[in-house]
Amino acid sequence: MNGGSCCSGCVHLADGRGCTLRNTSCTAWLCGFLGFLLYETGLYQEWTEFWRQVPGRNYRMDNTPDIFPISKALPKRNLQFLSHELAEDLNALSLLHPQKRYILDLREQIDNCLDELFYWKSPEKQTAIKNKLRLLSKDFSRFNQALASYRKDTESSVNS
């Protein structure tokens, strides 16, 4: 219904339709599996830096001007296949673990790891958090396989 996100309870969320009034704040907000996807593709920091340039973001409200200057654009990357594979893994996990909160708890743990990863600067702490993320995502077999291919393709296009 809302993926366990902060959308829960929002007056603009319509059952079966999703968000009926997406605003800048909601678009900029990274949570759960989207944050994980961007982290694994190396785009998490770029996403954060891009949205820092945008004025007027307020929780579920938007007073962002129609036009404003930006100095750093987001790189264009096709993440559709990766997103699909991650969704397939999550669907399979939800069938394997039919407990009501399994996927939501997994999302929450991944969110917490990402928050900690960008908070703690010590190499030891960062290594521990990255190891925890690897452990949390070990069952994302389709995604991890697609990610390896994505990284190889991205690396070869950068080197050519």
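Computed values, structure above
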item	result
G3 vs. criteria over 26 Å from D66 (Cβ atoms) and modelled with pLDDT of 90 or more	no
Odd one out for E88 among (1) more than 20 Å from L43 (Cβ to Cβ); (2) in contact with a Lys or Arg (Cβ under 6 Å, 6 or more places away or on another chain); (3) crowded, with 16+ Cβ neighbours inside 10 Å	(3)
Residues (of a type outside the set (A, V, I, L, M, F, W, C), on the phi < 0 side of the Ramachandran plot and surrounded by 17 or more Cβ atoms within 10 Å (Cβ to Cβ)) located in the range 17-40	N23, T24, S25, G35, Y39, E40
Where a residue in the range 33-56 is under 15 Å from T154 (Cβ atoms) and its partner, wherever it lies, is among the aliphatic types (A, V, I, L, M) and open to solvent by 40 Å² or more (accessible area, probe 1.4 Å), with Cβ under 8 Å and at least six apart	L43/L74; E46/L74
Pairs with Cβ under 7 Å, 6+ apart, first in the range 14-31 and free of Cβ contacts under 8 Å to residues at least 60 places away in the same chain and closer than 29 Å to Q45 by Cβ, second outside any helix (DSSP H, G or I) and polar (S, T, N, Q)	T24/T64; S25/N58
Residue that is farthest from N144 (Cα to Cα), among those in the range 119-134 that are open to solvent by less than 70 Å² (accessible area, probe 1.4 Å) and without any contact (Cβ under 8 Å) to a residue 12 or more places away in the chain	S122
Count - residues of the range 80-118 that are more than 14 Å from A146 (Cβ to Cβ), modelled with pLDDT of 90 or more and among the polar types (S, T, N, Q)	4
Single condition R77 does not satisfy, out of (1) touching a residue at least 24 places away in the same chain (Cβ under 8 Å); (2) of a type in the set (K, R); (3) open to solvent by 30 Å² or more (accessible area, probe 1.4 Å); (4) not in a loop (DSSP other than H, G, I, E, B)	(4)
Qualifying positions in the range 41-59 - in a loop (DSSP other than H, G, I, E, B), surrounded by 15 or more Cβ atoms within 10 Å (Cβ to Cβ) and hydroxyl-bearing (S, T, Y)	T41
In the range 134-160, residue modelled with the lowest pLDDT [restricted to those that are among the aliphatic types (A, V, I, L, M) and closer than 23 Å to R77 by Cα]	V158
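The values are calculated or read from the model by the stated rules, or taken from the named source; none is laboratory data. Small disclaimer: the values here were computed from a predicted structure and weren't measured. FYI the Cβ positions are ideal-geometry reconstructions off the backbone, even for glycines, and counts take in every protein chain you see. Heads up: the accessible areas ignore ligands, DNA and RNA and are worked out on the full protein's heavy atoms, side chains in. Shrake-Rupley method; radii C 1.70, N 1.55, O 1.52, S 1.80 Å.
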